[in-house]
Amino acid sequence: MRLIAAVLARDVPRRISMAKNSLRFSQPSVKTSMLVQRLLYRHSTREALFNGDLLLKAYGPRLPARSMRGRMTFFAWKAPRAIRKVFSSASVQPRATEAASLPAARPAVTRSSIPVPQIQPIILNARPGAPERPAVRIFLGTEPAQHRAERIFVYALEQVRNPDRRYEIYRMTGLPGFDQRSWRTNFTNYRFAIPDLAGRQGRAIYNDVDQLYTDDPAALFDQPMGEHGYLALSPNDTAVMLIDCERMATCWNFDTARRDSKKSLHAQAAAKPGCWGPLDPVWHARDLEYQHGVSKLLHYTTLHLQPWRPTPDQYSYQIHPYAEYFLSLEQTANATGYELYTSAKPSPGFAQACAAMPKVSTSLSGEVIALAQALEASRYALVDKWTQSAPDDESLELWRFDQLREPDLAPQDVVAASGLEALPVEDMPWIVDRLFALGRKLVYLKTGLGPADSMIGTLDGWRALLRRIASRYPDRCWQLDCTDAAGQVHCYRADFPWRVRHGDGQPTVWVLLGKHAGDNAQLVSIAESLGWPYECKSITFKPLDYIPQALQQRRLAHAAQGLKTPWPDLVLSSGRRTAPVAQWIRQQSNGKVKLVVIGRPRTPLAHFDLVLTTPQYSLPLRENTVDLPVPFITKGTVERRELDAWQKRFAHLPRPWVALLVGGSSAPYVLDTEAAGTLGRQASEAVSARGGSLLVSTSPRTGQSATESLLAAIEAPAWQYRFGVSDENPYQALLALADAFIVTGESVSMLTEAALTGKPVAVFPLPVRRHAKARLHHALERKLGIIDRAAGSRGTPRQQNKVGRFYDELVAQGRVKRERRIEEVHIALGLTPLPGGLDHVPTLSPALIAASRARAIEAIRAVLMGEQAMTQQATQSWTDH
């Protein structure tokens, strides 16, 4: 009763702590507990709030109405979780004196009766003949939803490890006996069980799964520890630790990890003098703390910025400035077929699972046989339990799943497998890869869903896995028949190779050119990179704000004059001007045309098959969104004769030649006379200090007064070009000949092109000036915590809340337009302002930028080449064929 009164009063955190750790308050009765739980679960938090009178009448004195209103927000957000935490804690750990009054929440098994599990590690062996040294033991806190991060964690480690050293990676997931209900992740307390898991001897490194090593962790493992029990950034920041397992076993062990809270376990260690020792920060750089070439580990600690988007049901993901480090590693791992477990080294549970496979037979469906015949297949292999339904039994091979490990299996035209969901999830990637390697023309999977949150726990998870593996086998067709939890069968087929060979030919592409030359250049570059036939269509259409698209159909039809059948397979568009025309084309084709848009369409993202976006737009990342660090820009070329001519013009100037690429005002950034003069002075001083000269080039957006102010402020030796004065534009020559660059910060295109040269680039950020409406919008976003989020207890930005997710949904629906934040691109490129930038190349290398372009092209190809849902009509058509 008194606990409920305290919840409604004010100081819930303090009262909850006291209720848990002392006997000051009596334990709530079972009846009280059940009623409050019912109120909290049957009603939303706000409904429970407005039913506050009911709680007060039943369990406490009536509070004044003003006091009740003043506590509404706090109660709605804090009380339900706090009450559930107290009750769940009490049910898990009842005091002996109160055992009779509490319901039994678990079987009568004490925590200490659970033996310490033996984890079989992933082993990276030392090369033969390497000197004997202690194995580097890494304990990895992970969970099924983090399967992408887990794979790339180990892959990144493989790239930087010492080949003369043995490494053992212990995957801590699903450990028995833990109550995970109050954890933010499903591995929060596993780290404190490491001393027991490691046998209470030697050293061990602990890592969260959302991290990447950029240097050899053996150097961390060998760090001197002195008399300390563990090294970490702080006593309470233990996402990366070096642990002395023998010293820490009395404080942290399997029993205490299961029994006590994370906060309590940190406090126990901190209470021992000298137990904690400081970890060199280079081994734990959290998000923007990462310094390229200095930091040795990158921790993606802000959950809604994790590039692999593990839990889209919990967070609305946005672009991490350093996402490309992870995504490029994953791209390389995909291309090389890297997996944690392989046919040579399957997971520890593979053999047992094969022996326990259910003995249920199934058969090939008619549409699968029809597709196989259309592919002129003559030899079949059936894996697991099948009814022999191939056209000719003499052309049929019957395999068990454990036989897939045999390297000498003969490839067949068609390979079909069923019941894969009964095998360990960890083995699924190599099993599917083996099926594609053995199936020369068609791979067919008939399966169900795997464990929840695993890579095959959903239909989308199965499709993503097959799509990833199939990308290495572009000449194979495949089909997935997957039964969901309700017993419904969903069929997906990828038959692009067959369609190309039998009449459809290469896909056709339309490029919708709009107002902005930079966007048009991106679209043409994408079309050329696809390698498919394309046509450019000039569009002059400006959507009317606040007018529904349905009411603009006449204007759309007028803007689309000349666009007529035959419709293309794919339409590329950019921004808000051409996106509506693209949607009109899809309507005219009865939904057959696929749409890809770049940038920020300002219409619902769900209206497109694929959205390619960059950090400055702050678009939320949905399933159909691909995030790129910079726009899709390729490196320009200049003919040798033209390049020699420009070099002669600059020959009288002292080196280094520093190209000053000047943009102009672009809301909310302003290049006025004052900013231009400052730019001229700073650039002149930086170049003069290096004994060089400036090669100045303005652009179409550079105003006349800004140009005059800029040039007047330059005192260093200089050559200048005013845009529009001459037909000879030196821009591409400057990119090729300059030794370094200074670029105004509002131009993402110029910054990207300068970074592609691999030479030093200094950015000059332009001042920001907003009109009244933009200032109000900016202030609202700050107030809501959408931008400039406050730091949490660890000094990193707080995690995304419900308000942020709701706001992102408004943006995804095209109802809210975010202000451009070019600074996000500066961070992604790794640029430094004047004057230091002239001595540093961008940390986002040309190779990483090229990798992002390749990833975009792969995603666009998948829109047409990937799987499609099989409708009844399509199924009947194949059966008739």
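Taking GluC sites (Glu not before Pro) across region 626-683, the ones in a DSSP loop with at most 16 further Cβ atoms lying within 10 angstrom of their Cβ are E639. The alpha carbon gyration tensor of region 348-490 gives principal lengths a ≥ b ≥ c with a/c below 1.5, which makes the shape rounded. Taken along the Cα-to-beta-carbon direction at a fixed 7 Å, the label points for T508 and D644 span 4.5 nm. With a simple spin-label model that places each label point 7 Å from the Cα along the Cα-to-Cβ direction, the separation between A464 and K592 comes to 3.2 nm. The modelled label-to-label distance between A791 and R200, using points 7 Å beyond Cα along the C-beta direction, is 4.0 nm. Ordered by the count of other Cβ atoms within 10 Å of each Cβ, fewest first, H516, H320, H299 give H516, H299, H320. If the segment from T336 to E535 were pulled out straight at 0.36 nm per residue, it would be longer than the present Cα-Cα gap by 68.2 nm. Neighbours of S361, meaning other residues whose beta-carbon lies under 13 angstrom from its beta-carbon, give a summed charge of +2 when Lys and Arg score +1 and Asp and Glu score -1.
For K564, a cut-off of 14 angstrom between C-alpha atoms picks up these aspartates and glutamates, skipping any fewer than 8 places away in its own chain: E535. Taking the fewest neighbouring Cβ atoms within 10 Å as the starting point, the ordered list for H840, H304, H502, H284 is H502, H840, H304, H284. In region 356-474, a dipole from Cβ-located charges (positive for Lys and Arg, negative for Asp and Glu) runs towards its positive end, and of V443, V415, G461 it is G461 whose Cα lies farthest in that direction.
Taking amide hydrogens as placed 1.01 Å from N in the peptide plane, the amide H of S666 sits under 5 Å from those of L671, each at least 5 positions away in sequence or on another chain. Rounded is the label for region 640-764, because the ratio a/c of its alpha-carbon gyration tensor axes (a ≥ b ≥ c) stays below 1.5. Considering region 195-272 at the alpha-carbon level, its Rg and Dmax are found to be 12.4, 35 Å.
Length available on full extension from A854 to K817: 0.36 nm per residue minus the Cα-Cα distance, which gives 10.5 nm. Computed about its Cα centre, the charge dipole of region 348-490 is approximately 200 debye, with only Lys, Arg, Asp and Glu carrying charge at their Cβ.
Cross-link check: pairs K515/K773; K446/K592; K773/K817; K345/K441 evaluated at a Cα-Cα cut-off of 21 Å; pairs beyond the cut-off: K515/K773; K446/K592; K345/K441.
Readers should treat all values here as calculations from the given coordinates under stated rules, not as data from a laboratory. The structure displayed is predicted, hence computed values, not measured ones. With ideal geometry, Cβ positions are generated from the backbone for all residues, glycine too; neighbour counts draw on all protein chains shown.
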